[in-house]
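One structure below.
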Amino acid sequence: MSSTLTVRLDDELKQRLERLSSATHRSRSFLAAEAIRDFVELNEWQVGEIRQAVEEADQELFASEESVAESFQKWGA
């Protein structure tokens with residue numbers, strides 16, 4: 001199932017989308033849906049990673065001083 005979403009674009013972006021649509025033989029709607037899907041997936045992943053890191057920090061699951069020092073030595077810092 002799909003539904004309609006209206007999006008306002010500035011003129012330049014709309015023209016670029018038109019050119020890309022023509023070059024790829026895909027509809028503007030298809031390209032916009034793909035772009036939104038990619039954006040949502042990336043941001044869902046980022047938010048999930050941040051939430052997990054906050055949970056780990058709340059549980060005080062940090063790297064030890066020794067582990068950090070070893071990493072710095074490994075990379076010559």
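All of the numbers you see were taken from the coordinates with simple rules; none came from a lab. Quantities reported herein were computed from a predicted structural model and do not represent experimental measurements. Note: ideal-geometry Cβ built from the backbone for every residue, glycine included; neighbour counts use all protein chains shown.
Counting helices only, and only those DSSP H runs with n ≥ 4, report the 222 nm mean residue ellipticity of the chain as the sum of -39,500 (n - 2.57) divided by its residues, in deg cm²/dmol to the nearest 500. Numbers along the way, then the final one.
Values: 3 runs with 55 residues, N = 77.
Value at 222 nm, helices only: -24500 deg cm²/dmol.
Once Lys and Arg get +1 and Asp and Glu get -1 on their Cβ, which of Ser22, Leu61, Ile50 lies farthest toward the positive end of the dipole of the chain?
The residue sitting most towards the positive pole is Ser22.
Compute the angle between helix 11-24 and the longest alpha-carbon principal axis of the chain, please, reported from 0 to 90 degrees and rounded to the nearest 10.
80
With only Lys, Arg, Asp and Glu charged, each at its Cβ (+1 for the first two, -1 for the last two), find how big the charge dipole of the chain is about the Cα centre; round to the nearest 20 debye. Present the calculation step by step, with values, prior to reporting the outcome.
Details: 9 positive and 16 negative charges, 184 e Å.
I would put it at about 880 debye.
Using alpha carbons only, what's the Rg to Rh ratio of the range 11-74 with Rh from Kirkwood? Walk me through the intermediate numbers first.
Numbers: Rg = 21.2 Å, Rh = 15.6 Å.
That ratio equals 1.36.
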